[in-house]
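Each remark here refers to the structure printed beneath this line.
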Amino acid sequence: MKIFTFWRSLASFRVRIGLNLKGLAPEQVFVDLFKGQHCAPAYLAINPQGLLPALIEGEGPPLVQSLAILEYLDETHPSPPLLPADPRGRARARALAQIAAGDAHSLVTPRVRGYLAAEFGVDETGQTKWAHHWLGLGLQSIEEHLTRESETGLYCHGDTVTIADISVVSVAVGHQLFGGALDAYPRLAEIIDRCLQLEAFSAAHPLKQPGAPKAA
């Protein structure tokens, strides 16, 4: 098993958490987003979209898209499970994961911020403001779900970690990397803190990866 990853990639962060929870330690290949290595022909041959992460295991094409990879890992390495046992619970966990990974994170990726800079002249301050806006909306929505819905437990869904926690943690940490705070989301912040006390989460943190700065 081999994963193409980078410390600042929140999608890679999600998959690292999942791999840690499953007790898997694939070979890591670092693709520097800041140097544009994800746009190089060698990486585009692996993932034509030029996004991280990509996972290779056995025969067949590389696996891409973090949530799809997490579900693949859950199906091929079922213990511990990343999805609830019941259909409605699985739908709720997936929905929370998609709010974080699909709706919030997708709007603040390097390619989006790069387009804002190249096409509209948005400087770094403006890009950070953009990131705070979209990440904040996503986190606020998740906070409302966690607060209103009885299915919330010690974690986003019940008392065990699911794909929802993995995705929500990645976006919350991303918000912090952009200089944002979690004070406005107390229920979410409580769950984030609980997750980051787990080795599988803490060891996957972006700032603990090779190449990461001491602070960001």
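The values are calculated or read from the model by the stated rules, or taken from the named source; none is laboratory data. The structure presented is a predicted model; accordingly, all values stated were derived computationally and were not measured. No Cβ is skipped: glycine too gets one built from the backbone with ideal geometry, and neighbour counts run over all protein chains shown. The area values use the complete protein model at the heavy-atom level, side chains included, leaving out ligands, DNA and RNA. Shrake-Rupley method; radii C 1.70, N 1.55, O 1.52, S 1.80 Å.
What does the charge dipole of the chain about its Cα centre add up to, to the nearest 20 debye, if the Cβ of each Lys and Arg holds +1 and the Cβ of each Asp and Glu holds -1? Walk me through the numbers before you get to the answer.
Working: 18 positive and 22 negative charges, 70 e Å.
For this selection, approximately 340 debye.
Considering Cα pairs under 8 angstrom that are at least six residues apart, work out the relative contact order of the chain and quote it in whole percent. Let's see the in-between values first.
Values: 280 pairs, mean separation 52.2, N = 216.
Once divided by the residue count of the chain, the mean separation gives 24 percent.
Using a 1.4 angstrom probe on the protein heavy atoms only, line up Lys22, Lys214 by accessible area, largest first.
Details: Lys22 20, Lys214 210 Å².
In descending accessible area the options line up as Lys214, Lys22.
Mind listing the phi-derived Karplus ³J(HN,Hα) values for segment 193-210, rounded to whole Hz, using 6.51, -1.76 and 1.60 with θ = phi - 60°, and x for any glycine or proline?
4, 5, 5, 6, 7, 7, 4, 4, 7, 5, 5, 8, 3, x, 6, 9, 8, x
Within segment 2-45, list the residues whose amide N lies under 18 Å from a label point set 7 Å along Cα→Cβ of Ala203.
Of the residues in segment 2-45, 2-7, 12-29 have backbone N under 18 Å from the label point off Ala203.
For segment 1-70 and segment 114-141, compute the distance between their C-alpha centroids and round to whole Å.
Using only Cα atoms to place each centre, the spacing works out to 24 Å.
Out of all DSSP beta bridges with both ends in the chain, state the antiparallel percent to the nearest 5.
Details: 5 of 10 bridges.
Antiparallel: roughly 50 percent of the beta bridges in the chain.
Running a GNM on the chain with Cα contacts under 10 Å, which residue among Thr76, Thr152, Thr109 ends up with the highest mean-square fluctuation?
Thr76
Taking the Cα-to-Cβ direction at His77 and at Glu27 and moving 7 Å from each Cα, how far apart do the two end points lie in nm?
1.7
Can you give me the relative contact order of segment 2-80 as a percent, contacts being Cα pairs under 8 Å and 6 or more apart?
Details: 97 pairs, mean separation 28.8, N = 79.
Once normalised by length, the contact order is 36 percent.
How much area per residue is accessible in the chain when the probe is 1.4 Å and only protein heavy atoms are counted (Å²)? Working shown, then result.
Working: 10440 Å² over 216 residues.
In whole numbers, the chain has 48 Å² accessible per residue.
Pull up the DSSP beta bridges for segment 2-80 and report the antiparallel fraction as a percent, rounded to 5. Each step should come with its number before you reach the end.
Values: 5 of 9 bridges.
Roughly 55 percent of the DSSP beta bridges within segment 2-80 come out antiparallel.
Anyone know which of Val15, Val112, Val169 comes out most mobile in the 10 Å Cα GNM of the chain?
Comparing Val15, Val112, Val169 in a Gaussian network model of the chain, the most mobile one is Val112.
What is the gain in length, in nm to one decimal, between Gln37 and Glu190 on full extension, counting 0.36 nm per residue of separation less the C-alpha to C-alpha distance?
Details: separation 153, 0.36 × 153 = 55.08 nm, distance 3.63 nm.
Contour length minus the Cα-Cα distance gives 51.4 nm.
Once Lys and Arg get +1 and Asp and Glu get -1 on their Cβ, which of Ala101, Tyr185, Gln49 lies farthest toward the positive end of the dipole of the chain?
Gln49
Relative contact order for segment 85-152: what is it in percent, counting Cα pairs under 8 Å that are at least 6 residues apart?
Values: 25 pairs, mean separation 26.8, N = 68.
Computed over segment 85-152, the figure is 39 percent.
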